[in-house]
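Here the structure comes first, spelled out in structure tokens, and everything after it is commentary.
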Amino acid sequence: MKNKIIFLSVAAAALVSSCTGGSADNVVSSPDGKIKFALDCQPGGLFYSVSDNSTDIVAPSRLGFVLEGNDSVANFEVLNTVRSSHDETWETVWGESREVRDNYNQLTVEMRQLGGDSLLVNLEVRVFDDGFGYRYVFPEQGRDSLVIMEELTEFKLAQPAEAWAMTNHDVYYEDYYRKKNIADLDTVHTPVTVEFPGDKYLAIHEANLTDYPKMQIIGKDDVTMKARLVPWSTGVAAYVTTPFATPWRTMIIGDTPGDLVTSYMMLNLNDPCAIADASFCKPMKYIGVWWEMHLGNGTWYYGPEHGANTAHVKEYIDFAAENGIPGVLVEGWNIGWEGDWPRNDHFDFTKPYPDFDIKEITDYAAEKGVTLIGHHETAAWTTNYENQLDTAYQYYADHGVHNVKTGYVNLLMDGKEDHSSQYGVRHYRKVIEAAARHQANIDNHEPVMPTGLQRAWPNLMTQEGVRGQEHNAWDADGGNPPEHTVLMPFTRGLAGPMDYTFGTFNFDNPVYPGTRVRTTLAKELALYVIIYSPMQMASDTPANYSAQPAAFQFIKDVPVDWEKTLVPDAVIGDYVVTVRQDRNSSDWYLGAATDEDARELEVKLDFLDPDAEYTAQIYADAPDADWESNPTAYTVTEQTVKSTDVLPLKLAAGGGTAIRFIKK
């Protein structure tokens with residue numbers, strides 16, 4: 001197979017008029033004028049560079065593709081350049097902020113290949129006050145199909161830096177983020193979070209991943225990162241039919257770690273809501289027949305210890321109803337779990353096990369004001385699932401089930417294709433759209449990394465793609481270290497909502513005695529504010545929550561839908577303080593958490609209404625709390641505060657503080 005290398009370069013005649021380095025025709029700035037994105041012709045192609053407040057951030061970095069075809073290098077002539085600006089504020093269906101401002105300047109460079117197939121390619125660039133995105137667009141033309149083998153896209157930093165990243169060895173994105181030099185990034189997933197010299201923070205990712213493979217990153221030297229596309233089993237990256245636009249290649253640029261968290265650029269680079277009536281896309285908390293099975297106290301498959309039986313599920317429904325928890329997740333309810341897991345293509349999504357009476361359960365739940373959260377584990381046999389999509393979601397709809405957790409526990413889809421390949425991306429979109437047709441929301445486990453699709457498809461409520469709480473139950477390394485959860489907001493959390501499933505109150509695990517949750521109980525509460533998801537699980541069992549009613553009160557109170565989000569203080573990997581305002585009341589919530597080191601912090605309360613006083617309900621580590629020796633020791637106190645106050649926080653090793661501020 002021969003490859004045609006397409007550099008987005010221009011003909012010599014066009015260099016003077018539209019591609020001379022430094023020419024205003026090739027520079028597009030952010031609305032505030034601070035970030036500048038410049039295109040420049042160099043030998044071999046078109047390159048881009050970026051500065052922020054006159055500080056060079058991205059040195060000249062290559063753009064382009066490798067296509068199936070021949071081995072010639074193609075030049076392009078610039079046909080036209082188009083500039084535009086956009087400024088609007090739109091309201092989210094749900095999210096970390098009710099309102100999102102979409103304000104950018106855009107440059108579109110329209111080009112045509114010289115020689116060969118005279119291929120038409122546009123480069124679209126959008127620059128925001130907090131970063132930039134660019135994508136390749138193939139307009140409708142005589143050639144209607146392309147086979148993309150590779151992208152030549154680069155992110156070459158202006159200075160050496162260190163980055164937080166996760167390797168691609170785990171297809172589920174359930175590994176640790178580690179800090180490395182750029183040169184040591186050996187095929188990593190995005191987001192890649194860079195601590196750039198001069199107190200700058202960068203996040204490299206992508207937006208609107210549609211019908212295209214996931215982008216990964218490879219470090220080439222101490223400043224250069226190159227894009228890699230997750231291929232099909234054939235080695236092809238993508239089969240494209242024109243007209244077509246690739247995902248946006250994005251970089252958030254911030255002065256603080258919190259600036260990365262409160263950037264909504266990725267949402268702005270996705271399409272507006274595609275669902276005519278999205279009123280069914282409602283954020284919620286839930287409990288479930290789940291954690292006990294991870295502890296070895298029940299089975300997913302049918303038998304004497306089967307967890308998903310009618311009587312047991314009703315116990316969870318009763319507890320949810322008594323405590324105002326809207327949802328109950330039930331895993332292992334349908335036939336197929338006892339099969340040959342490496343080739344488990346015989347799940348049936350409309351046939352319950354004999355001890356699970358779905359009508360009795362859903363009727364009982366409805367009487368109690370609780371909804372069942374369904375579960376579709378596919379074992380990544382996607383063809384089997386796609387053949388049942390509409391019947392499966394209609395079956396749930398007929399029983400009043402409108403929230404579904406999906407799962408893909410197998411290394412390859414249909415034993416062949418990567419979860420993050422174009423094949424996998426296409427499959428996940430089919431599921432989202434099928435669920436929307438039946439007014440169902442999705443909690444997707446073993447997903448492709450999120451890229452902001454929840455703006456267009458708000459029924460894609462949350463996703464896993466994180467080394468979550470379940471690893472604390474049985475993982476051979478003993479569980480996630482304390483720094484893991486204070487890293488998540490600045491790494492995986494930048495991609496989108498994550499179903500981490502925290503909220504464990506009992507830290508003992510006799511079945512797997514070498515494992516445990518490596519936090520304090522107060523930190524488990526703080527994570528409900530720090531780690532965002534519009535569907536938040538309270539992971540522990542009803543019995544363990546009943547034993548700690550004072551702490552459980554915070555889980556009952558804390559919202560899952562927010563008016564505004566701020567990160568007033570953080571050091572990536574060390575500690576984080578997050579504050580959020582409830583979308584449906586005047587209450588504010590604070591979550592603070594630390595790594596393995598105890599810390600004393602001070603938080604200014606200037607986010608509160610200056611004309612009011614608040615009652616602060618403070619859930620804190622007890623003086624003798626410690627994640628290793630005394631994790632469940634906590635205190636609950638109240639005090640009156642106002643916006644001019646500075647609140648001291650004392651966090652135990654591996655600990656945290658959760659606060660509810662109630663306006664008087």
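Some points to look at:
- What the Cα convex hull of the chain gives, in volume per residue, is 152 Å³.
- Pairwise FRET efficiency - Val646 versus Thr383, Cβ, R0 = 60 Å, nearest 0.05: 0.55
- Between Ile218 and Asp25, the FRET efficiency estimated from the beta carbon spacing at R0 = 35 angstrom works out to 0.60.
- The peptide list 418-424, 143-149, 372-378, 641-647, put in order of mean Cβ contacts within 10 Å with the highest first, becomes 372-378, 418-424, 143-149, 641-647.
- Along the axis of the charge dipole computed for the chain (Cβ charges of +1 for Lys and Arg, -1 for Asp and Glu, origin at the Cα centre), the listed residues Thr391, Thr504, Gly131 are led at the positive end by Gly131.
- Global form of region 516-622, assessed from the alpha-carbon gyration tensor, a/c cut-off 1.5: oblate
- When the helices of the chain are scored as -39500 (n - 2.57) per DSSP H run of n ≥ 4 and the total is divided over every residue, the value at 222 nm lands at -4000 deg cm²/dmol.
- Between Gln141 and Glu638, the contour length at 0.36 nm per residue exceeds the alpha carbon distance by 172.2 nm.
- Selection of chymotrypsin sites (Phe, Trp or Tyr not before Pro), region 285-314, meeting DSSP coil and at most 10 other Cβ within 10 Å: none
- Furthest towards positive pole of dipole, Tyr201, Met166, Leu152, structure part region 137-273, Cβ charges: Leu152
- Computed extension gain for Lys179 through Ser233, at 0.36 nm per residue and net of the alpha carbon distance, reaches 16.4 nm.
- Using a probe of 1.4 Å, the accessible surface attributed to Ser233 totals some 70 Å² when neighbouring protein chains are kept in position.
- Here the translational diffusion coefficient of region 328-472 follows from Stokes-Einstein with Rh set to the Kirkwood radius across Cα pairs; for 37 °C and 0.692 mPa s it amounts to 210 µm²/s.
- Label point 7 Å beyond Cα of Ile662 along Cβ direction - residues of region 522-557 with amide nitrogen under 16 Å: 550-557
- Relative contact order of the chain, taken over Cα pairs closer than 8 Å and 6 or more residues apart, is 11 percent.
- Relative to the Cα centre, the charge distribution of the chain, modelled as +1 at Lys and Arg Cβ and -1 at Asp and Glu Cβ, gives a dipole magnitude of about 1300 debye.
- Assigned charges on the beta-carbon of Lys, Arg, Asp, Glu; region 527-664 dipole about Cα centre (debye): 480 debye
- Heavy-atom accessible area order for Cys273, Cys281, largest first, 1.4 Å probe: Cys273, Cys281
- Two-site label geometry, Thr55 and Glu88: point separation in nm, points 7 Å out along Cα→Cβ: 3.4 nm
- Taken along the Cα-to-beta-carbon direction at a fixed 7 Å, the label points for Asp355 and Glu433 span 4.1 nm.
- Under a model in which nothing but the beta-carbon of Lys, Arg (+1) and Asp, Glu (-1) is charged, region 546-592 shows a dipole of about 80 debye around its Cα centre.
- Distance between the pseudo-spin-label points of Ser118 and Gln159 (7 Å out from Cα toward the beta carbon): 4.9 nm.
- Restriction of the trypsin sites (Lys or Arg not before Pro) in region 200-239 to DSSP coil positions whose beta-carbon has at most 15 other beta-carbons within 10 angstrom yields Lys220.
- Table column - 3J(HN,Hα) (Hz), region 174-190, Karplus curve with 6.51, -1.76, 1.60, x for Gly and Pro: 10, 10, 8, 8, 10, 8, 9, 5, 4, 4, 9, 7, 9, 6, 10, 7, 8
- Residues Val511 and Asp32, FRET efficiency given R0 of 60 Å [Cβ-Cβ distance, rounded to 0.05]: 0.60
- DSSP bridge orientation in region 460-609 - percent antiparallel, rounded to nearest 5: 95 percent
- Stretched out straight at 0.36 nm per residue, the stretch from Glu596 to Asp363 would grow longer than its current Cα-Cα span by 79.3 nm.
The values are calculated or read from the model by the stated rules, or taken from the named source; none is laboratory data. Computed from a prediction, not measured in an experiment: that's the story for all the values here. Virtual Cβ from ideal backbone geometry, glycine too; neighbours counted across all protein chains shown. These accessible areas exclude ligands, DNA and RNA; they are computed on the full protein's heavy atoms, side chains included. Shrake-Rupley method; radii C 1.70, N 1.55, O 1.52, S 1.80 Å.
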